[in-house]
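A quick write-up on the structure given underneath.
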Protein chains: 2
Amino acid sequence: MTSQPASGPGPGSAIDAVSKAIIEQLQEDGRRSYAAIGKAVGLSEAAVRQRVQKLTDSGVMQIVAVTDPMQLGFSRQAMLGIKADAGLLAVSDEIAAIPQVSYCLVTAGSFDILAEVVCENDDDLMLLVGRIRSIPGVRSTETFMYLSLRKQEYNWGTR
Amino acid sequence: MTSQPASGPGPGSAIDAVSKAIIEQLQEDGRRSYAAIGKAVGLSEAAVRQRVQKLTDSGVMQIVAVTDPMQLGFSRQAMLGIKADAGLLAVSDEIAAIPQVSYCLVTAGSFDILAEVVCENDDDLMLLVGRIRSIPGVRSTETFMYLSLRKQEYNWGTR
DNA sequence: AGTGAAACGACCGTAGA
DNA sequence: TCTACGGTCGTTTCACT
């Protein structure tokens, strides 16, 4: 049992090498034209468009703008390691519902939940941690302030 | 400093409400046409295009395909909490250089470095952890296996 | 599922307020 | 920095394979 965003891959929809090549093109530039992609992967423009449609509809891929929080004035980022004692999914979903939480997942290890938060300043962060600590089921939190981002990639699964 | 190679906001380039509105449009759909965005934010197509160009050139935003690793056969994901004793930036960059590492940052807290890794299976993950442990300067690693992803957002800073 | 062709719409450079 | 405009290229639809 895992979380499926919108819809799973249909029975007869294998992701072959050509589709992976298309995804790679779009990971380099999400606005690259279907014609240019077609030239690169050896397919007609219409065929590329159909495949991209399927890939996005099935949730395998999405083409979106990704921003740098620092340059937008959100200079305090942190990962929170959270220990909880009951109803892990319910607790994690309550945390996920907080706007400043950009990333939230249930883990196996000495933390039960990891949550990444994006804040404008230290006050916001402090209030946010307090809010999360007060959620029923949360036993403790540990804050890992981001000092230096060294790598951030979105091309998972096509290397 | 007067000129930056490829990143950093220029001196007179404030990110105003209109640019944020443009970013929001592209966070919903990275392929939305400049004309449609212009209609939504009250600007001409050419003006939207110029602003998008600046935003991407300065690194504030990038338009890319984001994939779901699970659906691409990469079913083992984990966050590694790493303790290191010297040359934190050098160590973190060495870790960041590993292909399976999708996210790597230096933190303040009981871990010095956090690294997210994406693997096809348990064997890959095991080898990877061994490799990271053998990097000079790495004292210890702790693995947090991903069990259930509850939230993953890319619209940082425009909420 | 893929191709090809024609109508349409988007994109890009340039010029100008 | 924005608007306006024309040439070019990309996208869309449809008939066909």
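The values are calculated or read from the model by the stated rules, or taken from the named source; none is laboratory data. In this text the structure is predicted, and so the values were computed from the model without any measurement. As a convention, Cβ positions derive from the backbone with ideal geometry for all residues, glycine included, and neighbour counts pool all protein chains shown. In case anyone asks, the SASA skips ligands and DNA or RNA and just uses the protein heavy atoms, side chains included. Shrake-Rupley method; radii C 1.70, N 1.55, O 1.52, S 1.80 Å.
Accessible surface buried at the B:A interface totals approximately 6500 Å², computed with a 1.4 Å probe on protein heavy atoms.
A point 7 Å from Cα along Cα→Cβ stands in for residue A:53, and the other copies hold the same point at 3.2 nm, listed in rising order. Between the alpha-carbon centres of segment A:49-101 and segment B:33-55 there is a gap of 26 Å.
P(r) tail for chain A: Cα pairs beyond 25 Å make up 48% of the total.
Heavy atoms only, probe 1.4 Å: what % of the accessible area of chain B goes to carbon and sulfur, would you let me know? Please report the intermediate quantities before stating the final value.
Details: 3920 of 7530 Å².
Carbon and sulfur together cover 52 percent of it.
Dipole orientation for chain A: of the candidates A:72, A:158, A:125, A:158 has the Cα lying most toward the positive pole (charges on Cβ; Lys, Arg +1; Asp, Glu -1). With the label put 7 angstrom out from Cα along the Cα-to-Cβ vector, residue A:85 ends up 3.7 nm from the copy partners, going from closest to farthest. Computed from Cα positions, the angle between helix A:45-57 and the longest principal axis of chain A comes to roughly 20 degrees. A label point on residue B:140, set 7 Å along the Cα-to-Cβ line, lies at 1.4 nm from each of its counterparts in the other copies, closest listed first. Per-residue ellipticity at 222 nm from helix content only, as computed over the protein assembly as shown with -39500 (n - 2.57) for each DSSP H run of at least four residues, stands at -10000 deg cm²/dmol. Report the FRET efficiency, 1/(1 + (r/R0)^6), for residue A:47 and residue B:126, where r is their Cβ-Cβ distance and R0 is 51 Å, rounded to 0.05. Taking R0 as 51 Å, the efficiency between residue A:47 and residue B:126 is 0.80. Quick check: pseudo-label points 7 Å beyond the Cα along Cα→Cβ at residue A:16 and residue A:139, how many nm apart are they? It is 5.1 nm. Kindly flag which residue pairs out of A:83/B:83; A:54/B:39; A:20/B:39; A:20/A:151; A:39/B:54 have an alpha-carbon separation exceeding 30 Å in this structure. Going by Cα-Cα distance, A:20/B:39 fall outside the 30 Å limit. Against the compact-protein benchmark of 2.2 N^0.38 Å, the Cα-based radius of gyration of the protein assembly as shown scales to 1.03.
In the context of the full set of protein chains, residues of the protein assembly as shown present 47 Å² of accessible surface per residue (probe radius 1.4 Å, heavy atoms only).
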